[in-house]
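Below you'll find the structure, written out as structure tokens, and then a few comments.
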Amino acid sequence: MNVKKKAIKNGGKSMLMTNRDLINTLDFSIEEQESILSIAQKIILRPVDFANSLNGKIMGSLFFEPSTRTRLSFEAAMHRLGGAVIGFSEQNASSVSKGESLRDTIQTVAQYSDVIVMRHPKEGAPVFASKYSEVPIINAGDGGREHPTQTLTDILTIRSKMGKLNNLTIGLCGDLKFGRTVHSLVKNISRYPNINFIFVSPKELEIPDYIKNYLNENQIEYKEMENLEEAIQHMDVLYMTRVQKERFFNEEDYIRLKDSYILDTLKMKLAKKNMIILHPLPRVNEISYDVDSDPRAMYFKQTKYGMVVRMALLYKILHQESFKQL
Ligand code: NCD
């Protein structure tokens, strides 16, 4: 089945880009996503053209789980477009610590802001929030499920550094079970032509069945391997991930699995000369610091693409939006 046809089209909300939620990575069609990527390219070339484009707009930034890059890049993006930010970076700093429900927090913040960016440890929390929000909700990560704006970041980085988004073998290594960035990236990028995957993980941290089913249904090739040395030579992109400590039920399993894969300069000798290394970050131990000076290491450049693509997303979602009636 054509993946595009399966894209969730945001139910009752407007089909225009304005007033659209971004909760699942397939919420925007390929055409809509391409238009965000093309705005990102324009921002890279002439940021000054966008400097005041969100003057007077306010982003609510609700982080119920820790974050460095996602939160700060969203905040920086809003500031760089002339907008303002309100919110909290931990739930103890909000009335949630007094027992307020998510529903009431969202209904309140929606009165003050034009868009809400939220990260929550519970899978599905952003869908729930979207039912009670008058303004668009952007999912900045929900539990082990999805992280659609990291995917926009990853896709912009791949296109900018590889010059294409087709005919690529993409390797993903590490915690493929709990890594939400992995789930969103695989589903999204598999919509482009001739993309195939190599999944490298310990048995316990394998990519979930629902992702494999999705790939099977859409006739997208993938291999599962346990040995990074064997797999790396076939890859055009290597997407490293950390083992997601906070999603483990017991400490022993985490300790046993946490150093399953460490990318170092020796392993990099086996990789293609033009392979790129991505990582959503934070890194714990899975890429040695020596690799940072390899010209193929893109993970810090990737963080900058993350800010730019969030500028493009906010611009696209908010630019033409007017205040709703009180
Ligand atoms: C990722 C996340 O929060 O899922 N980080 C990020 O947003 N860049 C990856 C991770 O925490 O391992």
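The values are calculated or read from the model by the stated rules, or taken from the named source; none is laboratory data. Remember, predicted model here, so these are calculated numbers, not experimental data. All Cβ positions, glycine included, derive from the backbone under ideal geometry; neighbour counts span all protein chains shown. With ligands, DNA and RNA removed, areas are computed over all heavy atoms of the protein, side chains included. Shrake-Rupley method; radii C 1.70, N 1.55, O 1.52, S 1.80 Å.
Scanning the range 100-137 for residues that are closer than 16 Å to Asp27 by Cα, part of a loop (DSSP other than H, G, I, E, B) and open to solvent by 20 Å² or more (accessible area, probe 1.4 Å) gives a single hit, Gly124.
What about Lys164, is it farther than 25 Å from Lys57 by Cβ, open to solvent by 10 Å² or more (accessible area, probe 1.4 Å), away from the ligand (no atom under 13 Å from the Cβ) and within 15 Å of the chain's Cα centre (by Cα)?
Answer is no for this residue.
Listed by first and then second residue, the pairs with beta-carbon distance under 7 Å, at least 6 apart or on different chains, first residue in the range 60-84 and farther than 15 Å from Pro136 by Cβ and without any contact (Cβ under 8 Å) to a residue 40 or more places away in the chain, second hydroxyl-bearing (Ser, Thr, Tyr) and away from the ligand (no atom under 12 Å from the Cβ), are Glu75/Ser61; Gly82/Ser53. Criterion applied to Leu22, Leu54 was being in the same structural domain as His79 (by TED's automatic domain parsing), over 16 Å from the mean Cα position of the chain (by Cα) and modelled with pLDDT of 95 or more, and the one residue passing it is Leu54. Of all positions in the range 288-303, at least one carries a residue that is within 14 Å of the ligand (Cβ to nearest atom), modelled with pLDDT of 95 or more, among the β-branched types (Val, Ile, Thr) and surrounded by fewer than 23 Cβ atoms within 10 Å (Cβ to Cβ). Scanning the range 234-257 for residues that are away from the ligand (no atom under 16 Å from the Cβ) and of a type in the set (Phe, Trp, Tyr) returns a single hit, Phe249. The residue that is nearest to the ligand (Cβ to nearest atom), counting only those in the range 63-96 that are assigned to a helix (DSSP H, G or I) and open to solvent by less than 40 Å² (accessible area, probe 1.4 Å), is Thr70. Taken together, the criteria exclude Asp175 from residues that are assigned to a helix (DSSP H, G or I), modelled with pLDDT of 95 or more, crowded, with 19+ Cβ neighbours inside 10 Å and not assigned by TED's automatic domain parsing to the domain that holds Ile43. Scanning the range 124-141 finds one or more residues that are within 12 Å of the ligand (Cβ to nearest atom) and of a type outside the set (S, T, N, Q).
Under the condition of being within 11 Å of the ligand (Cβ to nearest atom) and closer than 19 Å to Ala271 by Cβ, the residues counted in the range 167-184 number 1.
Criterion first (of a type outside the set (Lys, Arg), within 30 Å of Lys177 (Cα to Cα) and either within 16 Å of the ligand (Cβ to nearest atom) or in contact (Cβ under 8 Å) with a residue 40 or more places away in the chain (or both)) does Thr105 satisfy it? Steps first, answer last, please.
Values: of a type outside the set (Lys, Arg): yes; within 30 Å of Lys177 (Cα to Cα): no; either within 16 Å of the ligand (Cβ to nearest atom) or in contact (Cβ under 8 Å) with a residue 40 or more places away in the chain (or both): yes.
Judged against the criteria, Thr105 is not a match.
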